[in-house]
Structures are given as structure tokens and as C-alpha cells.
1. Scan around Ser188 for amide H atoms under 5 Å from its own, H built in the peptide plane at 1.01 Å from N, and keep only partners 5 or more places away or cross-chain.
2. Considering Cα pairs under 8 angstrom that are at least six residues apart, work out the relative contact order of the chain and quote it in whole percent.
3. Counting only C-alpha contacts under 8 Å and six or more residues apart, can you give the relative contact order of the stretch 427-509 as a whole percent?
4. So which lysines can Lys450 reach, going by Cα to Cα under 17 Å and dropping same-chain residues fewer than 8 places off?
5. Figure the gain on full extension for Glu273 and Thr288 (residue separation times 0.36 nm, minus the Cα-Cα span) and round it to one decimal in nm.
6. Rounded to two decimal places and with Rh computed the Kirkwood way over Cα pairs, what is Rg over Rh for the stretch 472-554?
7. Can you work out the Karplus-derived ³J(HN,Hα) for every residue in the stretch 400-416? Use 6.51 cos²θ - 1.76 cosθ + 1.60 with θ = phi - 60°, whole Hz, and x for glycine or proline.
8. From the backbone phi of the stretch 524-533, what are the Karplus-calculated ³J(HN,Hα) couplings (6.51 cos²θ - 1.76 cosθ + 1.60, θ = phi - 60°) in whole Hz, Gly and Pro given as x?
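Here, each number is a calculation from the coordinates, and none is a lab measurement. Being a predicted model, the structure only gives us computed values, none of them experimental. Virtual Cβ from ideal backbone geometry, glycine too; neighbours counted across all protein chains shown.
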Amino acid sequence: MQLRLRTVVVCVALTSFVLACSSESTSSPPAAAAQQPVVVTPGTVPMPVATARPVPVTAMNQNECVPSPSPEEIPPEVARNSSLWPLPNRDYASARANFDSNISSDTIDRLEVVWTFDLPEKTNWGAAVSNPLVIDGVVYFQDLPSNIFALDFDTGKAIWNHRGEGPSVAPNGLAVGYCKIFAAVSASEFEALDIDTGLTLWTAEIELTDHEGINIQPIVYDGLVYLSTAPRSEKGLYLGDGVGIIYALDQETGDIVWSFNTVDSDDIWGNREVNSGGGAWFPASIDTERGLTYWGVGNPGPWPGTEEFPNGSSRPGPNLYTDSVVALDHKTGELVWFNQVRPHDNFDLDFHVTPILTTERINGQDRDIAIGAGKTGTVHAFDADTGEELWVTAVGIHQNDDLTEVPIGESVVVYPGALGGVETFMAYAEGVVYVPVMNLPTTFTASSKKTESLDGTGILVAIEADTGDIMWETEFDDLVVGSATVVNDLVITSVFGGTVHALNRTNGEIVWSYQASAGLNAPLAVAGDTIIVPAGIPNRAGNKTRLIALRLAE
């Protein structure tokens with residue numbers, strides 16, 4: 001492929017990547033004021049309220065929520081807040097780009113902390129991985145212990161909170177629409193809450209095996225709530241008898257309207273006791289004109305295999321629809337097309353990242369495309385109607401990932417490893433895709449795996465969406481895990497050590513950085529002149545897990 005411009009920036013990591021996060025924080029970050037009184041909401045236990053210092057800001061819309069007898073295709077909350085951050089990736093195309101802000105390379109140095117909201121409860125994965133939503137002057141957020149918060153956008157003070165029923169063991173988060181909040185309140189329960197009070201309205205009846213869980217930030221459209229299960233529960237990951245099923249629920253009742261099993265085999269490829277796989281970890285993109293939902297699907301298991309069944313021999317064949325993009329009819333769940341990028345995956349290389357929907361002029365004609373990526377360390381453009389692959393670009397370090405099996409008795413180092421490649425959301429603006437990449441290897445045998453070190457590096461890559469050519473790469477001496485987000489002439493990302501970086505979209509030069517109060521493993525939201533940063537990883541002594549609001553000073 002053609003390399004047009006490459007900018008190399010080395011940033012010193014503040015800490016190594018730590019998956020088991022358990023240290024308690026005691027220090028306070030800059031610009032935090034005194035702790036406010038605890039607010040108790042009926043049906044919940046006391047939780048801390050924001051620490052805040054008010055600053056003059058433009059008033060946000062405040063609308064009393066009145067359910068419509070005939071819900072619109074696009075929820076009113078999403079439609080009237082399209083200039084803010086009403087969806088997990090801001091819009092249904094998952095572009096993660098905001099041009100309705102005054103934040104730019106000329107103004108970003110004026111950002112200051114205006115409020116923080118503490119997230120004291122944690123899991124082994126930290127306190128926060130989901131994307132905040134900003135709707136009608138309220139920030140809605142779910143932490144990893146599954147607690148749900150409604151915060152005043154201007155001050156960060158709690159309006160209500162809803163206590164979770166159990167920790168999430170993978171990504172989680174919220175959807176908002178039709179006067180409701182939709183969320184998994186534990187790894188096994190999915191609920192709708194009243195948007196004004198946080199009280200439970202219904203609980204969906206989703207059947208799970210002991211090895212399945214609900215691990216996703218949902219999305220809502222046309223009266224339906226879209227979510228997925230995955231083969232992960234509190235008992236472990238890919239333990240057998242676990243599959244991922246995509247569901248569409250009636251937003252009013254929680255009834256299942258349709259479901260789609262991402263494992264195309266009633267007996268899980270011949271061995272239900274041992275095998276597992278599939279599921280969506282991230283929300284779908286939705287083409288509101290075609291009426292299609294586009295999903296990235298996770299890997300098969302066991303990976304790489306077991307002593308009895310090395311190299312995935314318990315699951316012969318391609319293991320559809322794992323490591324694929326699937327396009328489903330949004331009303332019926334009917335499979336319209338799929339494209340599997342890695343058949344019979346033995347290295348845990350999910351193709352899970354939410355596809356970006358856009359239109360590009362390719363080979364002389366306009367093509368509607370879906371751009372997907374995953375731990376394969378590859379970015380692919382597919383025709384939105386047929387799934388035809390139009391281009392593919394490899395990003396990051398690649399070593400031995402082309403192997404289909406590991407020779408018995410040998411071990412190999414594979415890049416990208418089980419925690420490498422494209423792990424988090426991409427962004428898109430004006431013909432360019434911005435891709436966060438993690439360079440982290442795993443050592444495999446035919447029946448085992450081991451990540452020797454979690455001290456990896458990262459890259460942010462800019463790719464031309466019409467050709468797949470790389471425009472520039474910016475390197476970091478830390479893992480790039482905070483997704484990519486565009487605001488005007490900037491693309492923003494963050495690293496595990498806790499630093500947020502803003503880069504010039506044209507050449508990849510870092511123009512601004514901010515050190516958060518804890519490590520970062522969650523995407524941020526840009527609403528108006530405010531950036532909401534979930535700092536959720538307690539990866540060093542004395543840090544503080546919290547939501548941080550950065551706003552342009554007057």
C-alpha cells in the first residue's frame with residue numbers, strides 16, 4: 001500500500017497496562033471542589049454526587065419527556081440532540097465526528113476542568129468502559145459495576161442514580177429513547193428505566209446459559225432496542241455451551257421481536273460441551289434508509305484449542321459467523337449478507353468493532369460502504385448492499401498471525417495478540433478513517449496461550465476511505481485504548497496510562513494533551529464545547545476514577 005505521510009510521536013507511558021485493577025484512590029485531581037452531600041434515590045443506596053465548580057455555559061435544551069402513542073423511527077431524544085452525543089458513537093453511522101463544537105486546534109488550549117463525578121466502585125476491569133451520552137442537558141452514564149447515573153450537564157451534580165444488580169464482565173453502557181433508559185443492569189439482566197426517575201419499567205426475559213452474558217452498550221431505533229449476548233459470564237470466558245445472540249426488543253414492553261444466532265450451528269459446530277463463540281461486543285450501526293443493522297462479530301472458542309482438541313479441532317470448518325460483519329434487516333433480523341474475514345480463528349482475533357457507514361467514490365463510482373475492523377489488525381471496506389470487500393489495510397505489527405494452526409510441541413509469538421489490533425472504536429470525517437491500534441503480542445501453543453507482558457505500544461492511523469491507503473501514523477509508547485473521536489480539525493484519542501491526546505487531522509501531529517486522574521479504557525463524548533472523559537482504570541497508586549468534564553473557558 002502507499003504510505004503518503006508518516007508522523008512518529010513518542011509519548012512516555014506513565015504506567016504499564018494492568019488488567020486486574022483493585023487499588024483504591026485517595027488523591028483529588030486538579031480543579032475539583034469540595035465533596036457535595038450524598039443523594040439517595042428511592043430504590044437505590046447512597047452514592048457520591050459530583051464535585052463541581054460552576055462556570056457560565058450556554059443553556060442546554062430541557063424537555064419534559066412525554067411518550068408518544070406511535071413512536072417515531074428515530075427516538076425524539078436522539079433527533080433533537082443530534083448536535084450533542086445522543087448515541088454510543090454519536091450517530092447511527094458511527095462516525096464519532098462532531099462539527100457542532102467550538103473546540104478546535106485554535107481553542108483547545110482553553111479547555112479546563114469544570115466538574116468531576118467520582119466513580120468509587122470498581123471491577124477487575126476498572127470503573128468505566130462505556131461511552132457517556134449527552135441528551136437534553138443531562139449526562140447519562142453506566143459504570144462497570146452496572147450503576148446508572150443521570151448528571152446535570154452544566155454542574156455534574158446527580159439528578160438520580162440506579163444501582164446495578166451485578167458487575168459487568170465486559171463492555172456495557174446505555175441507550176436512551178422514547179422516555180426510557182435501556183441497559184444491562186448485570187451480566188444477566190436487561191432493563192428499561194424511566195428517564196425522569198431511574199425506576200425500572202420492565203425487565204426483558206432473555207434466556208442465558210451459565211456461560212453467557214449481556215456485555216454490550218445497546219442502541220435504539222424504530223421502536224426497537226438492539227443488543228447482544230456473548231460467551232462470557234462471571235464463571236469465565238468461552239467455557240463451552242455459550243453463543244452470542246443478537247436481539248431486538250420492543251422498547252415499550254421488553255418483548256423479544258426477533259433474534260439472530262451468530263453461531264450458525266445448532267450443536268455449536270459439533271461439540272456443545274467444549275465449543276462457544278460469536279456475539280457482538282459493540283453496538284450496531286444502522287442505515288436508516290436501507291433499514292439494515294451492521295454488526296461486528298466476535299471469535300470462536302476454545303482458542304487456540306485444548307489438550308484433547310488442539311488447534312480448534314473440536315470445531316472444524318470456518319465457524320460461521322464468527323470474525324465477520326453481518327448485515328441484518330432491522331425489523332425482522334433476517335440475514336442480508338455476511339463477510340467472514342478470518343475463518344476458523346485460533347488466536348482470539350475478533351472482528352468486533354462497530355462498522356462505520358459512509359459513501360465514497362471508488363473506481364469512478366459512488367459506493368455506500370461499511371468499514372469494519374477488529375483484533376485482526378486489519379481494516380476492511382465492504383459494499384453496504386452486498387458485503388463485497390472493496391479494500392483491506394493492515395495496521396500495526398503483524399507476526400505469525402497468518403498461521404492457521406500451531407505445530408504440536410511448538411510455541412509461536414503472534415502479533416496482534418489476544419489483546420491487540422484494533423480494540424476500540426474508529427472515527428470518520430471527510431473521507432478519512434481514524435483507527436486506534438494496539439501492538440501487544442500473545443504466545444500460543446496448539447492448546448494454550450499466554451500474554452507475556454501487558455506493556456505494549458499503540459498507533460493512531462489515518463486511512464483514506466476510498467482507497468485504503470495510509471495517510472499518516474502517529475506512534476505512542478503506551479496502549480491506545482480510548483477509541484478515536486473527531487472534533488473539527490482534530491482527532492482525539494487516549495492511552496491506557498491516562499493521557500488524552502488531540503492530533504491535527506491533516507498530519508497526525510499532537511497539538512494538545514491532558515493527563516486524567518486515572519487510566520483510560522473508555523471512549524469520550526464531545527457535546528457542545530465540552531468533552532466528557534471517563535477515567536476508569538485505577539492503574540497507579542493515588543489516582544481517582546471519575547467522570548471529568550473539560551469545557552472551553554469563556
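1. Close amide H contacts, sequence-distant or interchain: Ile214.
2. Details: 1728 pairs, mean separation 92.7, N = 554.
Reported relative contact order: 17 percent.
3. Relative contact order, the stretch 427-509: 26 percent.
4. Lys375
5. Full extension from Glu273 to Thr288 adds 1.5 nm.
6. Taking Rg over the Kirkwood Rh, I get 0.96.
7. Going residue by residue, I get 6, 6, 7, 5, 9, 7, 9, x, 4, x, 10, 10, 9, 8, 10, 10, x Hz, with x marking Gly and Pro.
8. 9, 10, 10, 10, x, 9, 10, 10, 9, 10
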